[in-house]
Amino acid sequence: TKAPLRIAVSGAAGQICYSLLFRIAAGDLFGADRPVALHLLDLPQAQNAVRGVVMELEDCAFPLLSDVAVTDDPNAAFRDVDAALLVGSRPRSKGMERRDLLSANAEIFKTQGAALDANAKREAKVLVVGNPANTNAFILAESAPNFPRDNIASMIRLDHNRAQGQLAAKAGVGVGEIEKLVVWGNHSPTMFADWTFATANGRPLNETISDEAWYRETLIPKVAQRGSAIIEARDASSAASAANAAIDHLRDWMLGSDGRWVSMGLSSIGAYGIPEGLYCGVPATCTAGSIERIEDLKIDEFQRRMIDRTVAELVEERDAVRALLA
Ligand code: NAI
């Protein structure tokens, strides 16, 4: 049998991980012939809860799960891993200002960036899920100067999948038939779900649906506010769908996307007027282990305005945390 792939997962006692860990252990990430080992990271006060999750993992008797380690030390968590899913972060508590939230998370990702730099293999793939995901990925990269920036990404795949679902329903096609969809920008309500290049069965979606008002006034805001709608309905934030998106993102990255466009939060190289180094949702394709950015799309005036708006928010977040990096 093949050697297990080692995956660090932070926030292991949280609700996303309560779905994510079981799916990874079941083989949803790397397929039914690849054993996995989990390095579970959470805060000292959550160690007991993590041990409970480990008991449940044992009770599933997953044939692919080779071993599970539990720690509160990011250095131990990142040692020898092939991938890391950084889900744990500080949630916004009552009365907490956005600025305080950014700085609390900046501290976490600064520490984890240093641990990543000191311990992880340079080829490990790191996906930041914990919010504010884009800015957390930025801090992580800035705090891990010797770790390849392109091996860090932030998750915007949940928004991509949400848009895909809505578009397929409207067009009356299967979700798998939707291609070349892009979600640009920040994983926040400023994100831009863009159908300009999207097709269903190879036919332009904006011709199939042919309802520009629906696109601008319903689809785009609906995708942007889907997270709030779920909190409203469930009294808890999206968890299983977030776990699913993390698996989609990491699987496409490590195994390849088969020519399909995916949206990923990547460190900008300056394309589309996005400032260099900013982690921003952009279109890409993947071949096993590497990402090819799609850089040559022609952007119209509406797209320009929508991209500029979400990028401006990312710049603001970056500037708010920059002082903490000094
Ligand atoms: P949760 O609150 O249920 O769990 C978070 C876990 O992280 C807790 O067990 C907590 O102890 C742990 N944690 C906190 N600080 C940590 C640290 N420094 N190191 C290790 N672990 C730490 O939250 P949930 O629902 O699992 O969500 C996790 C994060 O994912 C949140 O920030 C949420 O906003 C974000 N999220 C991101 C999405 C995206 O599309 N990018 C989608 C949905 C959620």
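Select from region 305-323 the residues that are among the aliphatic types (A, V, I, L, M) and farther than 19 Å from Ser103 by Cα and list them in ascending order. Show your work before the answer.
So the first thing to find is which residues in region 305-323 are among the aliphatic types (A, V, I, L, M), and the list is 306-307, 311-312, 314-315, 320-321, 323.
Those that are among the aliphatic types (A, V, I, L, M) and farther than 19 Å from Ser103 by Cα: Met306, Ile307, Val311.
Can you tell me which residues in region 39-56 are of a type in the set (Asp, Glu) and more than 9 Å from the ligand (Cβ to nearest atom)?
Step one: of region 39-56, the residues of a type in the set (Asp, Glu) are 42, 56.
Result: Glu56, single match.
Can you name every residue in region 213-234 that is within 12 Å of the ligand (Cβ to nearest atom) and open to solvent by 60 Å² or more (accessible area, probe 1.4 Å)?
Arg226, Ser228, Ile231, Arg234
For region 110-135, what are the residues that are part of a helix (DSSP H, G or I) and farther than 10 Å from Ile152 by Cβ?
Correct list: Lys110, Thr111, Gln112, Ala114, Ala115, Asp117, Ala118, Asn119, Ala133, Asn134, Thr135.
Hey, any hits in region 200-218 for a residue that's within 28 Å of Ala25 (Cβ to Cβ) and not β-branched (Val, Ile, Thr)?
Pass one, region 200-218, residues within 28 Å of Ala25 (Cβ to Cβ): none.
No, region 200-218 has no match at all.
How many residues does region 47-56 contain that are open to solvent by less than 50 Å² (accessible area, probe 1.4 Å) and within 16 Å of Ala8 (Cα to Cα)?
First pass over region 47-56, keeping only residues open to solvent by less than 50 Å² (accessible area, probe 1.4 Å): 47, 50, 52-54.
Still in the running and within 16 Å of Ala8 (Cα to Cα): 47, 50, 53-54.
The total comes to 4.
Might you check whether a residue that is touching a Ser or Thr at 6+ places or on another chain (Cβ under 8 Å), open to solvent by less than 60 Å² (accessible area, probe 1.4 Å) and within 24 Å of Ser238 (Cβ to Cβ) occurs anywhere in region 77-85?
Quick first cut of region 77-85, residues touching a Ser or Thr at 6+ places or on another chain (Cβ under 8 Å) only: 77, 84-85.
Then drop every residue that is not open to solvent by less than 60 Å² (accessible area, probe 1.4 Å), which leaves 77, 84-85.
So of that shortlist, the ones also within 24 Å of Ser238 (Cβ to Cβ) come out as 84-85.
Within region 77-85 (the criterion being touching a Ser or Thr at 6+ places or on another chain (Cβ under 8 Å), open to solvent by less than 60 Å² (accessible area, probe 1.4 Å) and within 24 Å of Ser238 (Cβ to Cβ)), the answer is yes, since at least one residue qualifies.
Condition first: open to solvent by 10 Å² or more (accessible area, probe 1.4 Å), near the ligand (Cβ under 10 Å from one of its atoms) and among the polar types (S, T, N, Q). Now tell me which residues in region 102-161 satisfy that.
Thr111, Gln112, Asn131, Asn161
Would you kindly identify the strands (runs of 3 or more DSSP E) lying entirely within region 180-278 that contain at least 2 residues that are more than 28 Å from Ala144 (Cα to Cα)? Let's see the steps before the verdict.
Working: elements: 182-184, 192-194, 262-267.
In region 180-278, the matching strands (runs of 3 or more DSSP E) lie at 192-194.
Just checking, which of Ala246, Ala198 is open to solvent by less than 10 Å² (accessible area, probe 1.4 Å) and more than 17 Å from Gln166 (Cβ to Cβ)? Please lay out each step first, then the result.
Numbers: Ala198 fails: more than 17 Å from Gln166 (Cβ to Cβ).
Just one listed residue meets the conditions, Ala246.
One line per residue, one yes/no per condition, for (1) among the hydroxyl-bearing types (Ser, Thr, Tyr); (2) under 20 Å from the mean Cα position of the chain (by Cα); (3) modelled with pLDDT under 95:
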residue	(1), (2), (3)
Lys94	no, no, yes
Leu102	no, yes, yes
Ile108	no, yes, no
Gly113	no, yes, no
Glu142	no, yes, no
Pro145	no, no, no
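I need the full set of residues from region 170-179 which are assigned to a helix (DSSP H, G or I) and not small (Gly, Ala, Ser), in order please. Let's see the steps before the verdict.
Quick first cut of region 170-179, residues assigned to a helix (DSSP H, G or I) only: 170-171, 175-177.
Lys170, Val175, Glu177, listed by residue number.
Working only within region 57-76, note down all residues that are within 12 Å of the ligand (Cβ to nearest atom) and surrounded by fewer than 15 Cβ atoms within 10 Å (Cβ to Cβ).
The answer is Asp73, and nothing else.
Condition first: in contact with a helix residue (DSSP H, G or I) (Cβ under 7 Å, 6 or more places away or on another chain) and either closer than 13 Å to Ser241 by Cβ or part of a helix (DSSP H, G or I) (or both). Now tell me which residues in region 153-169 satisfy that.
Of everything in region 153-169, those that are in contact with a helix residue (DSSP H, G or I) (Cβ under 7 Å, 6 or more places away or on another chain) and either closer than 13 Å to Ser241 by Cβ or part of a helix (DSSP H, G or I) (or both) turn out to be Met155, Arg157, Leu158, Asp159, Asn161, Arg162, Ala163, Gln164, Gly165, Gln166, Leu167, Ala168.
The values are calculated or read from the model by the stated rules, or taken from the named source; none is laboratory data. Note that the coordinates shown come from a computational prediction; the quantities given were computed from them, not determined experimentally. Virtual Cβ from ideal backbone geometry, glycine too; neighbours counted across all protein chains shown. SASA here: full protein model, heavy atoms, side chains in, ligands and nucleic acids out. Shrake-Rupley method; radii C 1.70, N 1.55, O 1.52, S 1.80 Å.
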